[in-house]
Amino acid sequence: MDADERYMWMALDLARQGRGRTSPNPMVGAIIVQGSEVVGTGYHQAAGTPHAEIIALKKAGEKARDATLYVNLEPCNHHGRTGPCTEAIIKAGISRVVVAMRDPNPNVAGGGLERLDSAGIKVKEGLLENKASKLNEVFVKFVSTGLPFVGVKVAMSLDGKIATKTGESHWITGEKARQFVHRMRDHSDVIMVGIETVLKDNPRLTTRFEGGGGRDPVRVVVDSTARLPLDAKVVESSSTAPTILAVTEEAPEDKCRALGERGVEVLHLPARKGRVDLHALLKKLAEKELSTILVEGGGTLNYSLLEDSLIDKLYIFIAPLLIGGKNSPTPFSGAGIDDLSRAWSVEDIEMKQFDRDMLLIGYPVKKNGQSA
């Protein structure tokens with residue numbers, strides 16, 4: 001590993017420290033090196049706060065002059081909540097900039113690098129680009145499509161069941177796997193479920209760590225006809241995170257009004273096949289700058305998202321249990337397919353283990369090559 005690659009890995013590691021806190025901005029880390037000495041480091045901590053490059057430049061001070069800056073994403077060249085990083089880099093006297101990837105926003109991609117080049121700064125791009133792109137896959141999806149990144153979490157038995165035939169599902173996986181799910185919630189803007197999950201399990205949909213802490217995501221319940229009980233935990237819990245109910249015009253006005261009086265935000269959306277149009281829902285959530293969604297069921301919602309090609313990533317926990325029963329629910333119900341040539345494959349698979357439970361992480365892709 002040469003010096004450039006080593007310092008870029010450091011920048012990527014720094015960027016990860018902002019996970020779950022920078023939305024809708026990307027995770028960015030910056031390293032400033034003078035000779036063989038690291039003279040400044042920084043990472044973006046939250047939207048509206050200084051960018052990684054600005055923090056690193058401030059720490060480096062005069063030592064930034066004629067130094068090399070390593071950053072995992074192209075420095076910005078536009079005014080947003082903060083000023084352009086390119087001008088600060090030029091002013092500090094940085095002589096060389098190494099960038100992992102260009103900004104995926106089609107309106108600004110390459111503009112920052114061009115500005116640096118025009119100021120006489122040597123620019124190297126594309127180092128560890130694939131790693132940088134995967135790190136910020138949420139941001140890439142959000143700015144390139146205008147839609148949130150959707151991850152679906154499933155906990156199932158070895159024979160593919162998410163509950164018994166009577167609906168019992170607590171708990172299929174063990175404590176370590178469940179704690180990892182709470183970290184996933186902490187890193188997500190939204191946790192989404194279907195109304196059947198709420199009616200069966202009455203979940204709080206909050207982040208709970210041993211010893212406290214963590215951030216609750218926005219709770220979204222997909223409920224075409226507003227069946228959400230007024231005393232449901234997602235309505236009555238003391239969480240500071242809001243609850244959003246996605247309904248169609250078939251939802252009774254009096255019920256929607258009653259839920260609104262209890263603090264629930266009711267989104268009236270168009271219907272598709274008699275249910276909430278999920279694409280329209282994702283657009284509404286994107287307008288609220290909610291860029292990452294964790295879906296936790298149930299099977300009908302999961303399959304609807306899969307069928308509409310709206311799932312970006314799968315997190316499938318597999319417990320060493322056999323439940324059986326043709327009427328026991330599965331992670332993806334719905335109509336299903338009638339021909340294996342139309343099935344989805346799961347690609348770029350990563351595996352983790354939590355005691356006896358396995359976690360499979362992957363990306364659903366249609367066998368014809370289209371993303372799910």
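Quick notes on this structure:
- Surface share of carbon and sulfur [accessible, 1.4 angstrom probe, percent] for the stretch 45-90: 52 percent
- Think of the stretch 310-372 as having a plus end and a minus end, set by charges on the Cβ of Lys, Arg, Asp and Glu; of ILE349, ILE318, SER328, SER328 sits farthest toward the positive end of this dipole.
- Peptides 109-118, 340-349 ranked from most to least packed by the mean count of surrounding Cβ atoms within 10 Å: 109-118, 340-349.
- Each Lys and Arg adds +1 at its Cβ and each Asp and Glu adds -1 at its Cβ; summed about the Cα centre, the stretch 1-133 shows a dipole of about 400 debye.
- Accessible area of the chain divided out per residue, in Å², using a probe of 1.4 angstrom: 48 Å²
- Neighbours of ASP66 by Cβ distance under 15 Å: Lys/Arg scored +1, Asp/Glu scored -1, total +3.
- What a 1.4 Å probe finds exposed on the stretch 272-372 is 49% carbon and sulfur by accessible area, rounded to a whole percent.
- Using only side-chain charges placed at the Cβ, +1 for Lys and Arg and -1 for Asp and Glu, the dipole size of the stretch 168-261 relative to its Cα centre rounds to 460 debye.
- DSSP finds beta bridges in the chain, and of those with both partners inside it, around 45 percent are antiparallel.
- Between the residues TYR43, SER118, ILE31, the greatest Cα displacement towards the positive end of the dipole of the stretch 1-157, with unit charges on the Cβ of Lys, Arg, Asp and Glu, is found for TYR43.
- Shape of the stretch 293-345, Cα gyration tensor, a/c cut at 1.5: oblate
- Positive-end residue of HIS170, VAL193, PRO203, charge dipole of the stretch 161-206 with Cβ unit charges: HIS170
- Each Lys and Arg contributes +1 and each Asp and Glu -1, all at the Cβ; summed about the Cα centre of the chain, the dipole is approximately 360 debye.
- Here the contact order of the chain, divided by its residue count and restricted to Cα pairs under 8 Å and six or more residues apart, works out to 15 percent.
- Under 14 Å, Cβ to Cβ, from ARG115 - net charge with Lys/Arg +1 and Asp/Glu -1: -4
- Sulfur and carbon atoms: percent of accessible area, the stretch 123-185 [1.4 Å]: 53 percent
The values are calculated or read from the model by the stated rules, or taken from the named source; none is laboratory data. On a predicted model such as this, the values are computed, not experimentally measured, just so you know. For neighbour counting, all protein chains shown are included, and Cβ atoms are generated from backbone atoms with ideal geometry for every residue, glycine included. Ligands, DNA and RNA are stripped out before the accessible areas are found, and what is left, the full protein with its side chains, is counted by its heavy atoms. Shrake-Rupley method; radii C 1.70, N 1.55, O 1.52, S 1.80 Å.
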